[in-house]
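Below is one structure, written out as structure tokens; comments come after it.
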Amino acid sequence: MELLKANDLVKRFGKMTAVNGINFHIEEGRCVSLLGPNGAGKTTTLKMLSGLLQPTSGSMEFNGEKAKDLRPFIGYLPQYPAFYNWMSGKEFLVFTGQLAKLSRKEAEKRSEELLERVGLTNAKKRSIGGYSGGMRQRLGLAQALIHRPKLLILDEPVSALDPLGRREVLDMMREIKQETTILFSTHVLHDAEEISDDILIMHDGEIAISGSIGTVINKYQQPILQIEFESQVDDWLKTIESYSFISEVTIEGHKASIVLNDIVNGKQTLLKEIVDRKLPVRKFEIAQTTLEDLFMKVVKA
């Protein structure tokens with residue numbers, strides 16, 4: 001079932017267009033990652049969806065109906081969440097619960113549930129000012145979930161965390177997606193592959209590629225030869241760039257990555273040339289282009 005749909009969303013700041021007429025939809029029960037380099041328009045898009053920014057033009061639909069204010073249905077965690085450091089973790093959650101129109105009693109109960117879920121029960125009476133980065137991010141997740149939203153929006157949820165904090169938050173996201181639809185932005189492609197069902201790749205304010213991870217990778221995946229030489233062979237590598245079965249050659253020191261349009265012809269021809277020229281090969285292996293390769297291709301386009 002289609003939960004959220006964006007129709008020709010545009011956001012301009014003066015003469016600068018941050019988001020340029022994007023269209024996409026999110027299915028209920030899916031975890032969707034919004035990918036793109038800095039400045040692609042990810043945060044602006046998330047702020048429009050969460051009601052923090054008004055679109056210059058375009059519309060949004062929620063559960064098939066046009067909605068002017070999605071805030072009752074959405075939980076939002078910004079990239080750099082702000083807290084009242086003098087409050088305790090529980091006080092903050094009760095406060096945000098009441099802002100979300102929960103009764104005091106319901107906010108207290110829900111806060112206890114979420115503190116246990118995010119592993120902060122033992123720290124619930126401590127002031128937030130003494131929390132680590134990972135603890136603050138887990139508390140931020142709890143406040144975003146306080147009113148049981150149908151869609152959880154997270155802006156770069158692990159970008160500022162150390163490896164341990166990052167793992168803690170990703171594990172929680174994996175649990176949360178079992179019951180709540182998630183849309184999160186990231187530039188860490190490994191995270192997207194690890195927990196997402198669908199991806200949206202933004203570039204220059206537009207959606208360049210969208211779909212399920214499996215479908216996108218299968219559609220754009222290409223065979224690639226990874227060759228490592230014992231010495232420089234740049235002259236030979238430059239001569240093969242014009243071959244019809246080669247779409248791209250990347251050279252890094254003694255290593256070359258060769259993207260092929262025809263794996264059979266490419267492998268046979270290049271192996272023969274390597275043998276005939278007695279090129280000093282240390283490693284020759286066949287692989288496939290990855291999500292990172294696709295991302296870089298989109299960004300450089």
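Just so you know, all these numbers are worked out from the coordinates, no wet-lab data involved. This structure is a prediction, so every number in the text was calculated from the model and none was measured. Neighbour counts run over all protein chains shown; Cβ positions are idealised from the backbone, glycine included.
The mean sequence distance of close C-alpha pairs (under 8 Å, at least 6 residues apart), as a share of the length of the chain, puts its relative contact order at 19 percent. Dipole magnitude for the range 42-161: about 240 debye, using +1 per Lys or Arg Cβ and -1 per Asp or Glu Cβ, origin at the Cα centre. Taking the DSSP beta bridges with both ends in the chain, the antiparallel portion is around 70 percent. Cα centroid separation, the range 72-100 to the range 101-115: 12 Å. Per residue of the chain, what 222 nm ellipticity follows from adding -39500 (n - 2.57) for every DSSP H run with n ≥ 4, rounded to the nearest 500? So the calculated ellipticity at 222 nm is -10500 deg cm²/dmol. Viscosity 0.692 mPa s, temperature 37 °C: give me the Stokes-Einstein translational D for the chain in µm²/s, with Rh taken as the Kirkwood radius over C-alpha pairs. Value of D from the Cα-based Kirkwood radius: 151 µm²/s. Proximity of backbone amide H atoms, modeled 1.01 Å from N, is registered between E248 and V259 at under 5 Å, excluding neighbours fewer than 5 places apart on the same chain.
Across the range 221-300, the relative contact order, built from alpha-carbon pairs under 8 Å that are at least six residues apart, equals 44 percent.
Toward the positive end of the charge dipole of the range 2-217, about the Cα centre and with charges on Cβ (Lys, Arg +1; Asp, Glu -1), which of N20, L35, V169 goes farthest? So the residue furthest toward the plus end is V169.
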